[in-house]
Amino acid sequence: MLPADHQAEFAAGHAVGSVFFGGGTPSLMPPETVAAVLDKIRSCWAVIPDLEVTLEANPNSAEADRFQALAAAGVSRLSLGVQALDPEALRLLGRAHDLEEAIAAIERARDIFPRFSFDLIYARPGQTNAAWRRELDDALRLAGEHLSLYQLTLEPGTAFATLARRGELSLPDEETTAALFEMTQDRLGAAGLPAYEISNHARPGAECRHNLTYWRYQDYVGIGPGAHGRLTRGGAKYATRQYRLPEKWLAVAEATGTGIEETATIDSETVIEELLMMGLRLVEGVSRARLERLAGRDAETLFGTSLPLLIDGGFLTLDAQRLAATTAGRQRLNAVLAALLG
């Protein structure tokens with residue numbers, strides 16, 4: 001039994017609407033491997049006719065040379081980790097590609113794939129409003145129907161976090177960061193690519209279907225080292241976690257037919273928390289009916305006095321259909337969630 005067979009048994013009755021090859025450098029896989037994985041998925045599950053197959057790639061010339069073969073293997077959507085359209089910023093971020101390679105990869109992706117996207121990081125050290133506006137204009141000239149625009153955050157244990165702790169790296173202050181966020185929303189909205197999630201913008205209908213599955217807290221299968229999954233069975237929600245180290249994952253998968261290290265039932269309180277953590281990232285928010293069905297009570301009772309305070313403060317909206325974060329709420333989502341769930 002192979003890992004997909006095991007997952008198919010657990011997730012029987014599901015139809016696959018999207019596949020996402022991500023984490024690390026999946027574009028270094030031989031295209032034949034991509035095709036084999038997709039064939040295995042089709043043998044294990046029903047697959048919708050217009051299956052979305054996304055693959056993450058770096059925009060260097062070596063990987064760009066593989067784009068045509070990856071498309072022939074079944075990839076229909078490419079996501080490029082560009083991160084900056086500024087030579088100095090690319091050096092600061094430690095990217096292996098230069099600006100010319102990034103632009104060439106974007107143009108090649110546009111020619112080959114039905115759908116493509118690339119990401120940029122803003123609120124970088126020393127970045128001004130004017131510089132980011134110019135970079136956004138460049139991005140819009142290159143973009144298709146989707147862009148991902150992330151604020152730079154300092155993750156513990158990273159080189160950037162160490163430099164910041166030493167005082168050797170200075171990020172924009174909160175006021176500047178807020179202004180950069182608001183400019184991003186306004187500029188992309190005016191260009192016809194409104195935000196549908198905190199950091200993701202698309203023309204209506206061009207949203208990344210696979211990521212919408214996460215944010216809408218729907219079921220997904222995680223296969224491969226370190227992959228997580230969320231699956232519903234018998235009315236209960238389960239979390240799956242694969243072994244993280246590739247060597248360990250491969251050895252266990254070959255010996256037992258699955259690389260899953262843990263499968264655990266998610267308790268009802270955690271289900272509500274995860275639903276809100278993911279769903280409030282979306283402009284559409286969370287279905288009120290679904291939230292109240294899972295909670296077994298109405299939203300006003302569930303959240304108590306914190307809900308009207310967040311609504312009056314302009315961070316949340318609630319009507320008969322949906323609970324949603326406003327633009328201001330999405331910009332401060334961690335604080336909003338802490339207040340809502342606290």
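A few points about this structure:
- Given (1) open to solvent by less than 40 Å² (accessible area, probe 1.4 Å); (2) closer than 24 Å to E174 by Cα; (3) free of Cβ contacts under 8 Å to residues at least 60 places away in the same chain, number of the condition A299 does not satisfy: (2)
- Search result, residues across the stretch 51-99 that are open to solvent by 50 Å² or more (accessible area, probe 1.4 Å), aliphatic (A, V, I, L, M) and without any contact (Cβ under 8 Å) to a residue 40 or more places away in the chain: A62, L92, A96
- Scanning the stretch 253-277 for residues that are open to solvent by 30 Å² or more (accessible area, probe 1.4 Å), assigned to a helix (DSSP H, G or I) and of a type in the set (V, I, T) gives T256, T270.
- Filter pass, L140 being over 11 Å from M183 (Cβ atoms) and in contact with a helix residue (DSSP H, G or I) (Cβ under 7 Å, 6 or more places away or on another chain): no
- One residue stands out in the stretch 116-137 among those that are part of a strand (DSSP E or B), touching a residue at least 40 places away in the same chain (Cβ under 8 Å) and in contact with a helix residue (DSSP H, G or I) (Cβ under 8 Å, 6 or more places away or on another chain): the one that is surrounded by the most Cβ atoms within 10 Å (Cβ to Cβ), namely F118.
- Within the stretch 312-342, the set of residues being in a helix (DSSP H, G or I), open to solvent by 60 Å² or more (accessible area, probe 1.4 Å) and either free of Cβ contacts under 8 Å to residues at least 40 places away in the same chain or more than 19 Å from E274 (Cα to Cα) (or both) comprises D312, T327, N334, A335, A338.
- When G94 is tested against (1) more than 30 Å from V37 (Cα to Cα); (2) assigned to a helix (DSSP H, G or I), exactly one condition is not met: (2).
The values are calculated or read from the model by the stated rules, or taken from the named source; none is laboratory data. These figures come from a predicted structure and were not determined experimentally. Quick reminder, even Gly has a Cβ in these numbers, built from the backbone with ideal geometry, and neighbours come from all protein chains shown. In case anyone asks, the SASA skips ligands and DNA or RNA and just uses the protein heavy atoms, side chains included. Shrake-Rupley method; radii C 1.70, N 1.55, O 1.52, S 1.80 Å.
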